[in-house]
Amino acid sequence: MKIDKKMLSRVEQEMDNYHGRFERYFARSEPREQSRKYLHGLLSAQDRRNGWELSETVGDSVPDRTQRLLYRSGWDLDGVLDEHIRFAAEHVGMPHGTFVIDETGFLKSGKCSAGVQRQYTGTAGKITNCQIGVFLGYASGQGSMLLDRRLYMPKIWCDNADKRNKVHVPQDLTFATKPQQALAMLKHAVGDLRFPGRWVVGDEVYGGSDFRAEVAKLGLYYVLAVSCTDTAKNISEQTSGRPPLSFWAEETSMAVNQIARNIPNRCWHSLVTKAGEKAPIRYLWAAIRVMISKTEEGWLLIRRSLSDRDDMAFYFSNAPAKTSVKTLAKIALQRAEIEKCFSEAKTEAGMDEYEVRLWPAWYRHITLAIMAHAFLTATKKTFDHAILRQCLPHARCSSPGSATPRRHRKREFLFGLGRVQSSKTPIGSSKSLS
């Protein structure tokens, strides 16, 4: 295959343009240059993205400069993150976009890394030794990206001054629940940076009444998962404008799973709301107007499996009364977008391959990793998908039965684009990332 050096040069120029947005947040030239190398290494290292591998990939003989970037170099991390969020707004932000909240685990064998302890993580599907990162993602018709991150610090860490000091946790940091961390990120993106969007989705961790009330104050609609034991109160026919439910007395509360088992067949709708690997995925959905708090009327959204009547999920939403059940269902399933971002950021940008223990170093690595993922996402949009398949023959998108280990796929994005045939789509058709 003929190497198209012009294509490779274009991608490298896009990386320069992208990194140029952040240069003003680095006071000195060494961390400024090393941050660019770090981004390059995260996207193109052959094996694991530890200090040695990254150094070899970017041409450093030893990992000292990489370690200084994460541990000691002075740069404006908050400024870099805000610039990243502004970049995401330019490329995927839309007025009807969805903010997605979720956490992911980073498995650890030791006990000294900031925030590490035995706790449940969906990454392993069990209670294990790990760190938990709470993330704010975003999804729209233009794509999906990770916007912000928080390291969850268990209360045992916040109450132990010796443990905190060893990993350089800020003295003024106090214990915050995952919903409190998520709300802080959401307020910053929406309130401070005016990131466009309309919806907020999350799992049961973020479905509490206090969190829902704060989201509503931001002028956003939510579709948040709730526990099967959560209750809702029936409302009168005059308030809802819908036929009454005979099994449920007006102005009384009932658990949502009990409501789901009693609602009549006319309330259920069979909808295809997303595409699966082998065929479209179809669920039964029902949406009922209820009192979701003492003073607020909203939607109880129920999802039920076609094959198992007991396999159900429940959501509360403050969406307007005219919102269709199909719209609510599509928004609820947007939560899958952040799982895709986690998978890509870990597999393609080394988000989970750090070897740092200090609290500040975790934030620096994770920030650079979500920046690398954002660049990757934006760059994929600028090149025709057929070109990506041609130059990344071992990518996850190639064939479902590929024998190439998942972790080792898509490691040469920047270098791989240089292997494009010169007969492909002209370079001039690409949109600049700057």
Quick one: which strands (runs of 3 or more DSSP E) lie wholly within segment 127-235 and hold at least 1 residues that are surrounded by fewer than 23 Cβ atoms within 10 Å (Cβ to Cβ)? 143-151, 221-226, 231-233
Among the listed residues 64, 78, 60, which satisfies the condition of being touching a residue at least 12 places away in the same chain (Cβ under 8 Å) and charged (D, E, K, R)? 60
For residue 123, indicate whether it is over 26 Å from residue 87 (Cβ atoms), at pLDDT below 95 and out of contact with any Phe, Trp or Tyr (no Cβ under 7 Å at 6 or more places or on another chain). yes
Helices (runs of 4 or more DSSP H) completely within segment 3-63 that count 1 or more residues being at pLDDT 90 or above and in contact with a Leu (Cβ under 9 Å, 6 or more places away or on another chain): 5-20, 29-44
Can you say whether residue 295 is at pLDDT below 90, within 22 Å of residue 213 (Cα to Cα) and out of contact with any Lys or Arg (no Cβ under 7 Å at 6 or more places or on another chain), as far as the supplied structure shows? yes
I'd like the residue in segment 46-66 that is in contact with a helix residue (DSSP H, G or I) (Cβ under 6 Å, 6 or more places away or on another chain) and within 13 Å of residue 31 (Cβ to Cβ) and, out of all such residues, is surrounded by the most Cβ atoms within 10 Å (Cβ to Cβ). 66
Here is a check on your reading of the model: is residue 143 closer than 23 Å to residue 169 by Cβ, in contact (Cβ under 8 Å) with a residue 40 or more places away in the chain and outside the structural domain of residue 371 (by TED's automatic domain parsing)? no
Residue in segment 255-274 that is basic (Lys, Arg), at pLDDT below 90 and part of a loop (DSSP other than H, G, I, E, B) present: no
Looking at this structure, is residue 74 within 27 Å of residue 185 (Cα to Cα), exposed (fewer than 14 other Cβ atoms within 10 Å of the Cβ) and more than 25 Å from the chain's Cα centre (by Cα)? yes
Just to check your reading of the model, which residue among 251, 204 is under 17 Å from residue 313 (Cβ atoms) and either of a type in the set (D, E, K, R) or modelled with pLDDT under 90 (or both)? 204
Being in a loop (DSSP other than H, G, I, E, B) and in the same structural domain as residue 250 (by TED's automatic domain parsing) narrows 313, 319 down to just 319
Evaluation of residue 371 against (1) in the same structural domain as residue 34 (by TED's automatic domain parsing); (2) of a type in the set (A, V, I, L, M, F, W, C); (3) in contact with a Lys or Arg (Cβ under 9 Å, 6 or more places away or on another chain) (one fails), failing number: (3)
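The values are calculated or read from the model by the stated rules, or taken from the named source; none is laboratory data. These numbers come from a predicted model, not from an experiment. Cβ atoms come from the backbone with ideal geometry, glycine included; neighbour counts cover every protein chain shown.
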